[in-house]
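The values are calculated or read from the model by the stated rules, or taken from the named source; none is laboratory data. No experiment lies behind these values; they were computed from the predicted model shown. Please note: Cβ atoms are built from the backbone with ideal geometry, for glycine as well, and neighbour counts cover all protein chains shown. When the accessible area is computed, the model is the full protein with side chains, heavy atoms only, and any ligands, DNA or RNA have been set aside. Shrake-Rupley method; radii C 1.70, N 1.55, O 1.52, S 1.80 Å.
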Amino acid sequence: MSKWPRVRRVLVVLGVVTSVLVVAVGATALWLWHDVEVSTAGGTVFRDEMAVPPLAASRVDRDGTRVFDLRMRQGTTEFRPGRPTPTWGFNGAHLGPTLRAARGEKVRVEVSNTLPEASSVHWHGMRLPAEMDGGPHQTVRAGGRWSPHWTVEQPAATLWYHPHLHGSTEKHVQRGLAGMFLLDDEESGRLPLPKRYGVDDLPVIVQDVRFDGDRFDHAHRRFQGVGFLGNRVMVNGTLDPYREVADERVRLRLLNASTARTYDFGFPDDRAFDQIATDGGLLERPVEQRRIRLSPGERAEIVVRMVPGERTVLRSFPLRDGYAGALERRFGGGHDSFDILQLRAARTLRPSPALPDRLTAPELPDTADSVKERHFDLALTGINDKPMDMDRIDEVVTRGTTETWTVRNDNGMPHNFHVHDVQFRVLDVDGRTPPPALRGRKDTVLIPSGSRMRLVLRFDGTADEDTPYMFHCHLLSHEDRGMMGQFVVVEPGGTARAPEAGDHGGH
């Protein structure tokens with residue numbers, strides 16, 4: 001028998017097998033492409049009234065110091081009736097109370113850790129000494145206590161607190177360790193803004209979650225390099241929440257407390273709303289918006305005008321251009337959409353004063369004062385190709401000086417950038433004037449793939465050559481993997497001393 005018929009049969013079989021493999025691979029890719037998208041938009045039944053975190057109790061010592069008590073603890077929370085989920089919280093089973101203090105006040109927080117492992121409490125957005133910052137050098141061991149204290153020396157703002165334990169920040173925040181810290185001042189107090197906490201001034205802590213039975217599922221899905229992405233969203237620990245309101249204007253203090261997901265907030269009817277504040281405080285004047293994008297750690301305050309008897313939904317829409325490339329956008333949550341919170345207006349609403357044309361003069365660093373430039377390239381391998389090292393100081397800055405930092409992301413996926421202790425000015429975005437939402441005081445900013453931002457920072461805080469602050473990506477699994485660096489603030493002519501190996505300030 002000739003060998004050629006056998007060869008032909010082999011070739012035919014190989015061709016069939018190859019075709020089957022190509023079809024199978026294509027079908028799998030198509031399934032993965034379509035299966036990854038998540039949407040609850042338009043299909044949410046709002047069953048539970050949104051919880052409002054209580055204002056933390058405090059006492060005032062003889063020297064005028066306002067003292068708060070925070071206890072990290074384990075517990076269970078019924079996000080769904082009859083299905084308790086193991087959680088962590090401050091002073092309760094999940095999340096924490098809202099701390100509130102005024103500019104000029106001395107503050108002390110008595111932190112105790114009753115968890116089975118070490119954690120920490122970072123005061124995100126706060127200007128305070130490095131040894132009180134609550135970063136990875138100020139861990140609180142299991143059973144330990146810590147008493148950070150400082151003077152509030154910044155304008156009114158919506159800040160927050162959360163763990164910052166190196167390598168474990170993501171899982172500690174996912175379990176429920178987070179809360180708001182509101183600052184007040186006389187200037188904001190005189191403005192005709194909604195300001196009755198829990199009535200017309202609402203905290204909105206947004207987090208995405210996924211359940212595995214009765215427990216949280218913290219697993220990262222295939223190809224999701226941004227980190228954990230959930231398939232449901234909760235506000236202040238409430239799934240499918242609604243809130244009844246009785247005022248014409250409602251102030252929403254938006255906090256993205258998710259570990260990786262970026263949200264593009266707006267309303268289904270495309271109504272306009274007024275943004276009045278960024279991370280670090282009030283804008284110069286209200287800015288009319290229809291969408292506002294917040295990456296993990298960012299905050300914004302908006303004022304929504306309500307119509308008697310209406311119901312409207314705060315929604316997160318698919319992310320538009322300027323987030324990531326097509327593949328990373330798809331698998332990084334860029335196509336997802338969620339109903340976040342339903343607002344239910346009473347049939348009769350209390351009149352609210354119109355927003356003032358001018359709010360404040362934001363305390364921003366002057367670009368003309370900049371004396372030094374630094375560059376930071378963001379990648380999963382680290383910042384400037386250096387993964388985080390607790391025993392290495394990456395940058396040394398001089399107290400009382402202003403610097404310009406250029407932050408670049410050519411990594412193919414979205415990152416963001418958070419700097420401890422300072423509120424910075426966004427000077428430009430890819431060489432262009434920043435949009436209105438980025439013109440206020442910022443401490444965290446999204447750096448989309450292929451983008452570059454220049455930031456202006458002034459270091460007026462306390463000098464400490466021994467204790468570093470952090471700069472890092474606030475997508476928390478990226479931070480945990482090493483996208484973080486350290487800087488110290490020194491007096492003019494001073495030098496930094498690297499922390500001794502293993503001496504990381506545990507309490």
* Asked: What FRET efficiency do you get for GLU117 and THR433 if R0 is 35 Å and r is their Cβ-Cβ distance, rounded to the nearest 0.05?
  -> 0.15
* Rounded to the nearest 20 debye, dipole of the chain from Cβ charges on Lys, Arg, Asp, Glu -> 1880
* Structure fact -> Net charge near ASP430 (other residues with Cβ under 11 Å of its Cβ; Lys, Arg +1; Asp, Glu -1) is +3
* Theoretical ellipticity at 222 nm over the chain - DSSP helices of four or more residues, -39500 (n - 2.57) apiece, nearest 500 -> -3500 deg cm²/dmol
* To do: Once you have the Cα-Cα distance between ASP212 and ASP391, take 0.36 nm times their residue separation minus that, and quote the gain in nm to one decimal.
  => 60.6 nm
* Structure fact -> Helix 3-35 sits off the longest principal axis of the Cα atoms of the chain, rounded to the nearest 10 on a 0 to 90 degree scale, by 20
* Distance from a point 7 Å along Cα→Cβ of ALA346 to each backbone N in the range 176-212: keep the residues under 13 Å and list them by number. => 199-200
* Asked: So between THR367 and ARG290, what do we pick up on full extension, going 0.36 nm a residue minus the alpha carbon distance?
  -> 24.7 nm
* Proximal lysines relative to LYS386, as straight alpha-carbon distance under 29 Å, when same-chain residues fewer than 8 apart are discounted -> LYS171, LYS372, LYS442
* Which one of GLY280, ILE302, THR312 is farthest out on the positive end of the charge dipole of the range 274-327, using unit charges on Cβ (Lys, Arg +1; Asp, Glu -1) and the Cα centre as origin? -> THR312
* Structure fact -> Mean separation of Cα contacts under 8 Å (at least 6 apart) over the residue count of the chain, i.e. the relative contact order in percent, is 15
* To do: Give me the number: length gained by fully extending ALA498 to ARG232, i.e. 0.36 nm times residue separation minus the C-alpha to C-alpha distance, one decimal in nm.
  => 91.5 nm
* So what's the gap between the Cα centers of the range 408-480 and the range 67-113, to the nearest angstrom? -> 28
* To do: Quickly work out the ARG399-to-ARG358 label distance, labels modelled 7 Å from Cα along the C-beta direction, and quote it in nm with one decimal.
  => 3.4
* Structure fact -> Placing each pseudo-label 7 Å from Cα in the direction of the beta carbon, GLU49 and HIS375 end up separated by a distance in nanometres of 5.7
* Structure fact -> Along the dipole axis of the range 90-159 (charges at Cβ: +1 for Lys and Arg, -1 for Asp and Glu; origin at the Cα centre), the most positive-end residue among GLY144, LEU128, THR98 is THR98
* Asked: When all protein chains stay in place, what accessible area (Å², nearest 10, 1.4 Å probe) is found for LYS372?
  -> 90
* Structure fact -> So, with points 7 Å from each Cα along the Cβ direction, the ALA326-ASP63 label distance in nm works out to 6.3
